[in-house]
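**Q** Supplied in structure tokens, the structure appears directly below.
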Amino acid sequence: MVGRGATISADASQIVLSKPRLSEVKEFAESVDAVGINVGHSGTIMGVLLDARKKRGASTYHRAKETFPDAQEVYHFRLIGGGVQQVTT
């Protein structure tokens with residue numbers, strides 16, 4: 001449910017601030033069976049939301065690095081109780 005809401009929000013924000021690669025990120029998210037995508041308010045950062053129970057974070061991270069070689073950075077974060085944790089891969 002959170003993934004769908006975040007994706008709806010990302011699509012709505014596209015009207016306010018165009019994100020040229022949004023469709024590519026959405027296609028990537030669908031290809032890895034993500035639950036949704038998210039975008040930062042500035043539009044300069046985008047994320048793919050995964051179901052943590054499926055344990056696909058590391059493989060999705062590596063696939064994202066291959067799919068988006070021109071991205072300035074690709075990170076792998078895990079949401080945990082009380083915040084966010086960057087994962088070293």
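**Q** Filter the helices (runs of 4 or more DSSP H) completely within the chain down to those with at least 1 residues that are more than 13 Å from the chain's Cα centre (by Cα).
**A** Numbers: elements: 2-16, 22-31, 57-67.
Once the helices (runs of 4 or more DSSP H) in the chain are filtered for at least 1 residues that are more than 13 Å from the chain's Cα centre (by Cα), what remains is 2-16, 57-67.
**Q** On to the next question. Give all pairs with beta carbons closer than 7 Å in which a residue from segment 65-86 that is more than 16 Å from residue 29 (Cα to Cα) meets a residue that is modelled with pLDDT of 80 or more and surrounded by 11 or more Cβ atoms within 10 Å (Cβ to Cβ); count only pairs at least 6 apart in sequence or on separate chains.
**A** Note: pairs meeting the criteria are 78/57; 78/87; 84/77; 85/77; 85/78; 86/75; 86/77.
**Q** Same structure again: Tell me yes or no: at least one residue of segment 11-19 is at pLDDT 95 or above and touching a helix residue (DSSP H, G or I) at 6+ places or on another chain (Cβ under 7 Å).
**A** Looking through segment 11-19, none of the residues is at pLDDT 95 or above and touching a helix residue (DSSP H, G or I) at 6+ places or on another chain (Cβ under 7 Å).
**Q** How many residues are out of contact with any helix residue (DSSP H, G or I) (no Cβ under 6 Å at 6 or more places or on another chain), among the hydroxyl-bearing types (Ser, Thr, Tyr) and surrounded by fewer than 17 Cβ atoms within 10 Å (Cβ to Cβ) when one looks only at segment 24-69?
**A** 4
The values are calculated or read from the model by the stated rules, or taken from the named source; none is laboratory data. None of these values were measured; they are calculated from a predicted model. Here the Cβ is made from the backbone with ideal geometry for all residues, glycine too, and neighbour counts use every protein chain on show.
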